[in-house]
Amino acid sequence: TRVAVLISGTGSNMVSLIEAGQAPDAPYEVVLVVSNIAGAAGLEKARTLGVEAVALEHAPFGKDREAHERAVDALLREHGVQAVALAGYMRLLTPWLVRQWASRMLNIHPSLLPLYPGLNTHARAIEAGDREAGCTVHIVTEGVDEGPALGQARVPILPGDTAEILSERVKAAEHQLYPRILMEFLRALKP
Ligand code: GRF
């Protein structure tokens, strides 16, 4: 399956997805990375791994979110993309794009959804006195961080954790979880 990864920044999950897809028996290959931020560090990392990486900034499209998404969508189609993985893509999607990729777009979120949708998940979990945190891979639907969960991983919250320390621990779990769930999802998708 030809997969595209959408990013806005570091791209550490993107790297895990690319690398797992390069294993000989992997059911997918990452063929394209798109970032809405031109300076995203992940773009260069993708190229180093031999994957085409394109910046398609939203700013020139002004307030017209859908126009930007139509450009993204066209790029995905041109590359024969069959499934999309959001990995730190920090733009809210319009219903239009979500419908184009219904049941073919996944996201990873750094909390145990339905707990803590949205931003600052780690600070909120620490603040609440939670004893564990984690991450969720889910199907993208119109509601933000609301689609059906496909898998979760849990990590402990330890005394003295800051949001940054916890974020590192959760990310290590994300890097294991996302490729595994994407593979399971794609294997089930095939007839
Ligand atoms: C991850 O924590 C992911 O769960 C969230 O954004 C972060 C992206 O990190 N959606 P990276 O760019 O993959 O390092």
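The values are calculated or read from the model by the stated rules, or taken from the named source; none is laboratory data. Remember, it's a predicted structure, so these values are computed and weren't measured experimentally. Positions of Cβ are backbone-derived with ideal geometry, glycine not excepted, and every protein chain shown enters the neighbour counts.
Brief remarks follow.
- From the options A41, A55, residue that is of a type in the set (G, A, S), over 18 Å from Q176 (Cα atoms), in contact with a Gly (Cβ under 7 Å, 6 or more places away or on another chain) and within 16 Å of the ligand (Cβ to nearest atom): A41
Yes or no, residue by residue, for (1) touching a His at 6+ places or on another chain (Cβ under 7 Å); (2) within 16 Å of the ligand (Cβ to nearest atom); (3) not aliphatic (A, V, I, L, M):
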| site | (1), (2), (3) |
| --- | --- |
| L6 | no, yes, no |
| G11 | no, yes, yes |
| L49 | no, yes, no |
| A59 | no, no, no |
| D64 | no, no, yes |
| H68 | yes, no, yes |
| A74 | no, no, no |
| L86 | no, yes, no |
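- Filter result (within 16 Å of the chain's Cα centre (by Cα) and more than 13 Å from I181 (Cα to Cα)) within segment 129-147: G134, V140, T141, E142, G143, V144, D145, E146, G147
- Total residues in segment 13-38, condition within 13 Å of the ligand (Cβ to nearest atom), aliphatic (A, V, I, L, M) and not in a strand (DSSP E or B): 5
- Taken over segment 26-54, residues that are surrounded by fewer than 19 Cβ atoms within 10 Å (Cβ to Cβ), among the small types (G, A, S) and closer than 17 Å to S12 by Cα amount to 4.
- Any pair with Cβ under 9 angstrom, 6 or more apart, that starts in segment 79-99 at a residue that is of a type in the set (D, E, K, R) and ends at one that is more than 10 Å from the ligand (Cβ to nearest atom) and not in a loop (DSSP other than H, G, I, E, B): R91/L6; R91/R65; R91/H68; R91/E69
- Selected residue [under 14 Å from the mean Cα position of the chain (by Cα), at pLDDT 95 or above, among the hydrophobic types (A, V, I, L, M, F, W, C) and closer than 27 Å to Q176 by Cβ] from A4, A23: A4
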